Amino acid sequence: MIALTSTSIAWVLLVFVTAGFIVYAVLNSRSAKDELGSEIELAANRKEYLDDEALEGPRLERVQLLGVLLLVIVVIGLPLYWVFEPARQAGAIEAQEELFVEWGSRLFAPTAEGGFNCAGCHGGYAGAGGEAAWNVTDSTTGEVTAVNWKAPALNTIFYRFDEDEVRFILVYGRPFSPMSPWGVKGGGPMNDQQIDTLISYLHSIQIPREECGIGEDDPLSCPSGHLPSKIQNDIETRAWQLVNEGTYDSYGEALFNLDLNSGAYSCARCHTPGWSWGDPGVTGQGAFGWNLTGGKANVAFPDEEDMVAFIKNGSNYGAKYGVQGQGSGRMPGFGSLLTDEQLRAVVEYVRGL
């Protein structure tokens, strides 16, 4: 607000000064025309000028008053500009980000509205998760089946991945899934500027986090924050409901397979083949993620606490991830989505596969 006000004042002053120069130029031009052809008679050094009494009287006082006023403007204006300049710069950055979000929303829009139809697969403008039409080919028989692929929620994408990973996925897509490459480098239609604006829009639709740390002013991306307690409680309630109904044998198994918000929190999405299109194979046998059966998780993580930390924070290395390959090979972190108790329940279940 301050930045906008100072900018408005600057425009008013600019208009005022410009108008003054125009008036001065017009008046000076008109007075100069009267002297054309009589330069010798009216030369400055031959013209009679004001006497000392007139020069040192009201005229001098008016000039002095004008000088004092201009000095006051400079003395007050420069410090005010110095005070408001950081706010003006912050306002400019904020305005640019808002513009990027607007541009990104147009790209995210359905095809009918001129966008690239991100909303059509990922659950509308809110990005809460949806479905995408896809064809699955049986590796043994070669039979092709039309399925509805569960597209993940994007309103928690930065809970799980950092911006670099999201950019990588947008540019190069996800092999063996409906997520095609969208960046020019990956063979898609969007240039770097469009990818940037799309990422800005994804930041704007994130579910605000709770309990952000000191100095973390943005609840949409604060590193130490977590999913709102109400949603985490809904996850817990739904998981125990599935256990009580006999669908799953343990709380950890229910969390591993939970389909909430189109699988935004589901481990089975990546670690169980066929889960994404509603035809799951052997639980934990590997798809986009590792094969966790046969005690492989225990071999990779002899210390259970190391495995809890890995799932909580995710990885930041690897050229290939799991059976089919995913993104740049990074395991997403779930520490901002699930509580420590929920993560431990998942780890206990996985170590028993």
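Quick look at the numbers
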| item | result |
| --- | --- |
| Qualifying positions in the stretch 257-266 - modelled with pLDDT under 90, touching a Phe, Trp or Tyr at 6+ places or on another chain (Cβ under 8 Å) and not small (Gly, Ala, Ser) | Leu258, Tyr265 |
| Tally of residues being surrounded by fewer than 10 Cβ atoms within 10 Å (Cβ to Cβ) and either touching a Ser or Thr at 6+ places or on another chain (Cβ under 8 Å) or modelled with pLDDT of 65 or more (or both) across the stretch 29-57 | 9 |
| Pairs where the first residue, in the stretch 122-141, is in contact (Cβ under 8 Å) with a residue 60 or more places away in the chain and under 27 Å from Tyr159 (Cβ atoms) and the second is of a type in the set (D, E, K, R) and crowded, with 16+ Cβ neighbours inside 10 Å, C-beta under 7 Å, 6+ apart | Glu131/Lys150 |
| Residues within the stretch 190-230 that are without any contact (Cβ under 8 Å) to a residue 40 or more places away in the chain and buried (at least 17 other Cβ atoms within 10 Å of the Cβ), tallied | 3 |
| Pick from the stretch 152-186, criterion over 15 Å from Leu202 (Cα atoms) and aliphatic (A, V, I, L, M), ranking: surrounded by the most Cβ atoms within 10 Å (Cβ to Cβ) | Met179 |
| Options Thr237, Thr247, Thr293, Thr283; residue that is outside any helix (DSSP H, G or I), within 23 Å of Gly130 (Cα to Cα), out of contact with any strand residue (DSSP E or B) (no Cβ under 9 Å at 6 or more places or on another chain) and not small (Gly, Ala, Ser) | Thr283 |
| Any hit, the stretch 132-147, residues being of a type in the set (S, T, N, Q), assigned to a loop (DSSP other than H, G, I, E, B) and touching a Pro at 6+ places or on another chain (Cβ under 8 Å) | no |
| Hey, Gly278 surrounded by fewer than 17 Cβ atoms within 10 Å (Cβ to Cβ), modelled with pLDDT under 90 and over 19 Å from Ile157 (Cα atoms) or not | yes |
| Residue among Gly67, Gly114, Gly104, Gly20 that alone is at pLDDT below 85 and not charged (D, E, K, R) | Gly20 |
| Pairs with Cβ under 6 Å, 6+ apart, first in the stretch 324-353 and more than 13 Å from Val308 (Cβ to Cβ), second of a type in the set (Ser, Thr, Tyr) and at pLDDT 90 or above | Ser336/Tyr159; Leu337/Tyr159; Leu353/Thr293 |
| Looking only at the stretch 250-270, and only at residues there that are of a type in the set (A, V, I, L, M, F, W, C), without any contact (Cβ under 8 Å) to a residue 40 or more places away in the chain and not in a helix (DSSP H, G or I), the one that is surrounded by the most Cβ atoms within 10 Å (Cβ to Cβ) | Leu258 |
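The values are calculated or read from the model by the stated rules, or taken from the named source; none is laboratory data. Just so we're clear, the structure is a prediction, and the values are computed from it rather than from any experiment. Virtual Cβ from ideal backbone geometry, glycine too; neighbours counted across all protein chains shown.
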